[in-house]
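Here is the structure we will look at, set down as structure tokens.
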Amino acid sequence: MSIQHPLEECLKTDLATWEIGPYDAALPGPMKLRLSLDGEVVVSAAYETGFLHRGLEKAFEQQPWRAVVAYSDYLDTDGSIFGELAVCLAVEEIARIEVPRRGQYVRVLLSELGRISAHLGYIVRVAKAMNAETIIHYVLRDRERVLDLFELATGARYTLNYLRFGGIQTDITDGFVERVLEVCELFRVRLKEYNDLFTYNHAFLKRTQGLGVLSADRAAALGVTGPNGRASGHAFDVRKAHPYSGYDLFDFAVPSAGGIERDEGASVGDANDRFLLRLREISTSVDLLKQAAEGIPSGEFNYFGWGEKAIIPSGEAYSRVETSRGLLGCHVVSDGGPSPTRIQFRPPSLAHFSAIPELVKGIRLEDLPVLLATLDPGISEADR
Amino acid sequence: MRGSVFSTLVAYLKDVLWALRSVWGSCLTAVPYLFGSGDLHREVTELYPDPISSKTPDDLPAKSRGFLFNDIDRCSGCRECEKICPARCIRIEAEPAADESKIWISVFDVDFSKCVFCGICVEVCGPNSLRHTREFEGASYSNNEMVTRFGRGWVSPEQRKKWAAMRRQIEEEDGVRS
Amino acid sequence: MSWMSPWIEGIGILDSAPAWVLAALSLIVIYIFIVVPCAALISYLDRKLTADFQARVGPNQAGPAGIFQPLVDGLKLLQKQPRDPVSWREAAWLSVHTMALYSTVAVLPLGSAVLLVDTDMSAFLPFWSALVLALGTMLLGFSQSGVPGWFGGIRVAAQTLAGAFPALIALLCSGVAAGGFRWSLLAAAQGTSPLQWTAFANPFQFLAFAVFVVSGLVTLGIPPMDAPFSSTDTHGGVSSGLWGRRYILFRLGRFYGFFLWSVIAVTIFLGAWSLPFGGSDYLREQGYLRLLQTLELLWLLLKTLLLMILVIWAARVNPRTRVDQVTDFAWTVLSPFALLALIGASVVVAWGYFQ
Amino acid sequence: METNALFAKINKLPEGWVLERVRFGRSQTASIWIEGGKVIEIGRFLKDDPNFDFDWLENVSVAQLDRVFAISYFLRSRNSGHTLVLRCSVDVPPNKQDRVEFFSVQEVWEAAAPFESEISDLFGIVFSSNEKSMMSALTGEKGFGGFPLRKDYTAGVPLGEDG
């Protein structure tokens, strides 16, 4: 029977429990986090979601097919193009429609712009968690240029409602392609500025290196995809694995994280790698934008064979789209009726949520906002 | 052992030097905003409504979806927009017009506190009477002010009697002439 | 009461007043006419400069170019609804805080003639006031109900202890160069032109100056090392339960610590208040005492202002560091460099003697 | 093509496992119907067997086809890239408030946990090993008052009242 050392006995400290949420500056959105803290070190955490549940998938079943695309914007308004694209691809697969080449190119253009705008929002959230104010304003200023492009092409800045089954609603105005090329040049310059200001900043490196290490097999087991998965070495990119909407026509390298020059090495899957990967994704998206903008063919932009009553034949399909957070799957079941039987989304953020209790163990309380910001679980797409 | 002490010292000094260089580099990136000319120095935020830099509706691109406008004369009262609206913010009440065949749209309310500006109603509108303006300044202090009314208003019973009287008069004239 | 005399010769009742009344009066005068206006000026400059750094417009509603913004902020906080009676824990904070704010004004060196306390140990006294301020802030943290306040309080204690040691050592370096810790001695050792300032006398002194300023950031929790007051993880930490008048007191305490540290840094490292081009000697000979005091004060405050803006510039650009990183930084980087600076400075001084 | 190879391999599965084979959508994804009871056994086999190696559960989706819940497990093998859809069917309980039991595949694929907890909140299909519900704030009396994604869900009527 080991005798408890008297000193340890009287110094035994109880764990402090602290329930954060549903609204808190440390959290990426309305969710609850029950922490048990040993001093400033987090011992364990449990999360609770559902605060942003709007019954999106129930709403699909009560609206005619035409309104489905408008609803899919609200899966994740930060990257509404991805929700629309997932639904459209699935329905086009059921109805066996071929989207004209120009429509596919515009979809690629808007997807990459949506990815850039989502990653810029990501940088703002990480900087906000660390109180690095200056880069927030630089990034928001540049994000305006991307949102202006959305408004020019589709009429709205965030919730575009621009894709239709079979292509896009209206053709893009001629000035759009030139302005996309302008934005590509802008971001080459700006990325360098972000790096000087923030990425190579010593305080930033110290705050993120070694924080919340997600190993490759844990990422795979939990199903973490997208930048978070790639940062942990689970290299899976839907644009390469299951090319959709003409992505196989472009050659681009899937960005993989590696440490910054100072300690170049394989990516460990910590917060710094996740952040770096988003920056590299922006430059990849800029290359893709350039290729798509230069190679866009003219001609038909939408499949017009719908006829008066746009009825989707009965059937079922599953489409995959690479969003800024990972693999977004969309399972559509239709019974040939006026409205869909079931539209189910597989959001990438469900896996990010399930990674939180593991990653949070053992970190300090101050790192919690930074970890959650770099992991970036999308609350609106996880609760639907 | 000696090697390791020396190497840790070098690594420590290198780390400190790297820290200084990177923090100084970050500080320097903010300097051109202070003194530089050109687009870096220009403020991005503005004192809204700033007469020079604030965007007015016609600065916005052609397709930008602002508040709705319904040209009630061309509206056929088919209620397609009311059925398709995802936010269910359009309310239409109709009643027979002066002559029974035509329709009199007495209420056509669009509740802009619920509208999400998705634009499907404009797409679905048959006679193209409903369309987006590029207006975006619609803030108001109370919710019921946000409801825009395009309807022609309910027909009062006296009005109906007057119509009936006019119709009878027209029929008498036709009867006399034919 | 030497420094007050040129101002109050004419007024009858003041001449005959006992010394302690004049001392208390002078503290109030210094407070109202120097510390609070500086607080307003710095807070305005901070907001305007940060806005410029970040391509923003900055405050422009209150008065032309928003110059009354600090005043308006104060009024806004003042009209907030007062809270229920003070709990005994908060009373402890209030007393320690006001004591730290009020009594340490006497220690401020604000000009060759405006030296209320000029003893051999006078350079260490503001150091004591920074520690009392930190103690007050820690008690404030503990007086908050709930976890955020407690963590804020513990963080304040950790940072202050970690920052105190290198700050003291750096203080010694300046004393070594000047040959004593009396304000007048420290100021006299530095000439008017920057080359004669202690900070630029030799690399070791410059290192001591840098260490002193940075350890000031650590001790007082000035951004970018403001983990105890961080709003993202602990809702403002120490000040999570404060608003209205108490919040003003807290903000004033935070500013006062920063202001005090910068004044000390300027006095002992950056050529205290000696007016350029031999101005102070000329004025003293001509006997324009009042003009001398005001000009020296303004020159000192200008240098303090520039030093504070330098720190604000670094704070706005860099992310906030964690508490354990700050304390590691203080112990493993600041302290060794402080010792190195001390050894170097004393060697230089010793070399001087042997010549 | 990939689906034919997959179906060829599926034919070698032991008897009685595969009830029906279906290809769906233009990309002809392979899907097989299996009995609810065998889902863990077949799942573990598909995961461990070297020439299937479906070690990643991409998605669990439930669709109510008039009186039957069709639970589809979207499997994916990480290195070969093949995908397969396992389907089981569960009868919808007559009373709209009753829950229905089903087996949890969490021991086979850990990624199933969030999907199963969500399905149990919205459909009322309780997966045996899943105890905590993600949306406990909403699923109580004051919350949905029933299981929203069921076709016979009447919005917001508290459980007790409508009998």
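Here r is the Cβ-Cβ distance between C:TRP20 and C:ALA157 and R0 is 51 Å; the resulting FRET efficiency, rounded to 0.05, is 0.90. Using C-alpha pairs under 8 Å with a sequence gap of at least 6, the mean separation divided by the residue count of the range D:2-139 gives a relative contact order of 19 percent. For the residues of A:333-344, the average number of beta carbons from a partner chain within 10 Å of their own beta carbon is 3. When only Cα pairs below 8 angstrom with a gap of at least 6 residues are kept, chain A shows a relative contact order of 27 percent. A dipole drawn for the protein assembly as shown from +1 and -1 charges on Cβ atoms has a positive end, and of C:PRO59, C:PRO37, A:ASN302 the residue lying farthest that way is C:PRO37. Within the shell of other residues whose beta carbon sits under 12 angstrom from the beta carbon of D:GLU20, the net charge comes to +2, with Lys and Arg scored +1 and Asp and Glu -1. Exceedance of the 27 Å cut-off in Cα-Cα distance is limited, within the set A:LYS361/B:LYS14; B:LYS83/D:LYS151; A:LYS32/B:LYS83, to A:LYS361/B:LYS14; A:LYS32/B:LYS83.
Across chain C, the mean sequence separation of Cα contacts (distance under 8 Å, 6 or more residues apart), normalised by length, yields a relative contact order of 21 percent. In this calculation the C-beta distance from C:GLN81 to B:ARG88 is compared with R0 = 51 Å, giving a FRET efficiency of 0.80. Under a Gaussian network description of chain B, with springs only between Cα atoms under 10 Å, the residue in B:VAL44, B:VAL110, B:VAL124 that fluctuates furthest is B:VAL44.
Here's the picture: charge each Lys and Arg Cβ at +1 and each Asp and Glu Cβ at -1 in the protein assembly as shown, and of C:SER274, C:SER215, D:ALA112 the one pushed furthest to the positive end of that dipole is C:SER274.
Take each residue in D:120-128, count the other chain C-beta atoms within 10 Å of its C-beta, and the mean is 1.
For the pair A:GLU185 and A:ASP14, the difference between a 0.36 nm per residue extended length and the Cα-Cα distance amounts to 56.0 nm. Sparsely packed loop sites in the range B:54-113 (the GluC sites (Glu not before Pro) outside DSSP H, G, I, E and B with at most 10 other Cβ atoms within 10 Å) comprise B:GLU100.
Between C:LEU45 and B:MET166, the distance separating the two model label sites (each 7 Å from Cα on the Cα→Cβ line) works out to 7.7 nm.
Per residue, the protein assembly as shown reaches -15000 deg cm²/dmol at 222 nm when only DSSP H runs of four or more residues are counted, each adding -39500 (n - 2.57). Centre-to-centre separation between the Cα atoms of the range A:149-181 and those of the range B:10-88: 17 Å. Taken about its Cα centre, the protein assembly as shown carries a charge dipole of about 1040 debye when Lys and Arg each add +1 at the Cβ and Asp and Glu each add -1 at the Cβ.
Only Lys, Arg, Asp and Glu carry charge here, each on its Cβ (+1 for the first two, -1 for the last two); on that basis the range A:65-128 has a dipole of about 160 debye about its Cα centre. Per-residue shielding of A:193-205, expressed as the average number of other chain Cβ atoms within 10 Å of the residue Cβ, stands at 6. Neighbour counts of other Cβ atoms within 10 Å put A:ASP148, A:ASP217, A:ASP73 in the fewest-to-most order A:ASP217, A:ASP148, A:ASP73.
I want to check the label-to-label distance for B:SER142 and B:ALA62. Put each point 7 Å from Cα in the C-beta direction and report it in nm to one decimal. Each label point lies 7 Å from its Cα, and together they span 4.1 nm.
For the range A:68-136, trypsin sites (Lys or Arg not before Pro) meeting the loop criterion (DSSP other than H, G, I, E, B) and having at most 13 other Cβ atoms within 10 Å: A:ARG96.
Shown for B:LEU34, C:LEU186: other C-beta atoms within 10 Å of each C-beta, ranked fewest to most, produce the order B:LEU34, C:LEU186. Computed extension gain for D:ASP53 through D:GLU15, at 0.36 nm per residue and net of the alpha carbon distance, reaches 11.7 nm. Here each label is just a point 7 Å from Cα along the line to Cβ, and for C:PHE124 and A:ARG34 those points are 5.3 nm apart. When the trypsin sites (Lys or Arg not before Pro) in the range C:78-165 are filtered for DSSP coil states and for at most 16 other beta-carbon atoms within 10 Å of their beta-carbon, the remaining sites are C:LYS80, C:ARG83. Placing unit charges on each Cβ (+1 for Lys and Arg, -1 for Asp and Glu) gives the range D:2-139 a dipole about its Cα centre, and among D:ALA70, D:ASN4, D:LEU122 the Cα reaching farthest toward its positive end belongs to D:ASN4. For D:GLN28 and D:GLU107, a Förster radius of 25 Å and the Cβ-Cβ distance give a FRET efficiency of 0.20, rounded to the nearest 0.05. For D:LYS96, the aspartates and glutamates whose Cα falls under 16 Å of its own Cα, not counting residues fewer than eight places away in the same chain, are D:ASP66, D:ASP121, D:GLU141, D:ASP152, D:GLU161, D:ASP162. DSSP assigns beta bridges within the protein assembly as shown; of those with both partners inside it, close to 90 percent run antiparallel. Remark: chain A carries a charge dipole of roughly 280 debye about the Cα centre, counting +1 on each Lys and Arg Cβ and -1 on each Asp and Glu Cβ.
When A:ILE311, C:ILE264, A:ILE123 are arranged by Cβ crowding within 10 Å, least crowded first, meaning fewest neighbours, the order is A:ILE311, A:ILE123, C:ILE264.
Any read-out appearing in this document is the output of simple, stated calculations on the displayed coordinates, not a laboratory observation. Note that the coordinates shown come from a computational prediction; the quantities given were computed from them, not determined experimentally. Cβ atoms come from the backbone with ideal geometry, glycine included; neighbour counts cover every protein chain shown.
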